[in-house]
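*Asks:* Structure below; questions to follow.
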Amino acid sequence: FASAAGGLAGMFVQFLLTTVLAACIYAQGEKGAEIALGFGRRLGGDRGEMVILLIGRAVRGVALGVVVTALAQSALGGIALLAVGVPFAPVLTALMFMLCLVQIGPGLVLFPAAFWMYYSGDTVWASVLLVMAVITVTMDNFLRPFLIKKGADLPILLIFGGVVGGLIAFGMLGIFLGPTILAVAYTLLNMWISAGRELTPMANPGEQSETGEAVPGLCPVARDRGAREGGDTAA
């Protein structure tokens with residue numbers, strides 16, 4: 001229990017530091033964006049600028065799709081807890097918000113609270129809380145995809161995997177770092193594949209021109225065979 005409590009406290013401290021850092025960066029957002037775009041343009045030209053813009057879209061998608069959804073779910077769950085009279089509702093609401101950020105969801109708080117009320121004998125309010133819990137838990141199925149698509153045109157699985165993997169690897173900051181890294185890698189991979197498709201395809205090794213001349217892209221054996229056949233025709 002002590003180790004679990006220590007881990008939860010450490011996560012809470014990381015969350016506070018992340019919030020303070022995000023507020024400081026947001027206060028100088030316009031200037032920071034100009035510096036980042038200039039750095040990307042200087043480093044890689046148009047592609048460098050595109051990567052910086054992609055990072056901004058990924059962070060915006062996470063902020064809208066993950067953070068806003070977590071706020072909405074924890075707020076609705078907190079209102080339900082207060083309405084039915086569950087003790088320590090503010091603390092449980094903060095816990096729900098953190099659980100939503102790490103993609104666990106508010107059900108870990110709401111369903112045990114509803115079962116506790118059933119056990120206490122308050123079946124009416126317990127049923128109300130159970131219904132609200134189901135609504136709160138399932139609302140992210142449509143709210144998160146909508147907000148992610150509004151913030152960034154990126155695959156939902158990529159954002160989700162980046163959030164979970166980044167959280168495991170980097171802590172609370174990984175909520176933003178993970179999707180950003182995956183989004184940049186995903187876009188660069190697509191650009192590399194598209195550039196390969198635009199290259200002129202090699203000629204079929206079995207093809208040759210009517211005069212027997214080698215077609216560009218033919219292997220040496222095919223070129224020699226074409227030259228011999230062309231000489232026989234001329235003879």
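*Asks:* Search the stretch 95-145 for residues being among the small types (G, A, S) and modelled with pLDDT of 90 or more, and hand back the single one that is nearest to M172 (Cα to Cα).
*Replies:* G107
*Asks:* Return the pairs, sorted by first residue and then second, in which the second residue is surrounded by 11 or more Cβ atoms within 10 Å (Cβ to Cβ) and modelled with pLDDT of 75 or more, the first residue lies in the stretch 16-43 and is more than 15 Å from V59 (Cβ to Cβ) and in the same structural domain as L173 (by TED's automatic domain parsing), the beta carbons are less than 7 Å apart, and the residues are 6+ apart or on different chains.
*Replies:* R41/G48; R41/E49
*Asks:* Something else: Here is a list of conditions, (1) in a loop (DSSP other than H, G, I, E, B); (2) exposed (fewer than 13 other Cβ atoms within 10 Å of the Cβ), and Q103 meets all of them except one; can you say which number that is?
*Replies:* For Q103, the exception is condition (2).
*Asks:* Still on this structure: Just the residues that are closer than 12 Å to I55 by Cα and out of contact with any helix residue (DSSP H, G or I) (no Cβ under 8 Å at 6 or more places or on another chain), please, taken from the stretch 173-196.
*Replies:* Once the filter is applied, which keeps residues that are closer than 12 Å to I55 by Cα and out of contact with any helix residue (DSSP H, G or I) (no Cβ under 8 Å at 6 or more places or on another chain), the stretch 173-196 yields only A185.
*Asks:* Something else now. Can you tell me which of L54, L82, L71 is crowded, with 19+ Cβ neighbours inside 10 Å and either assigned to a helix (DSSP H, G or I) or free of Cβ contacts under 8 Å to residues at least 12 places away in the same chain (or both)?
*Replies:* L54
The values are calculated or read from the model by the stated rules, or taken from the named source; none is laboratory data. From a predicted model like this one, the values you see are computed outputs, not experimental measurements. Here the Cβ is made from the backbone with ideal geometry for all residues, glycine too, and neighbour counts use every protein chain on show.
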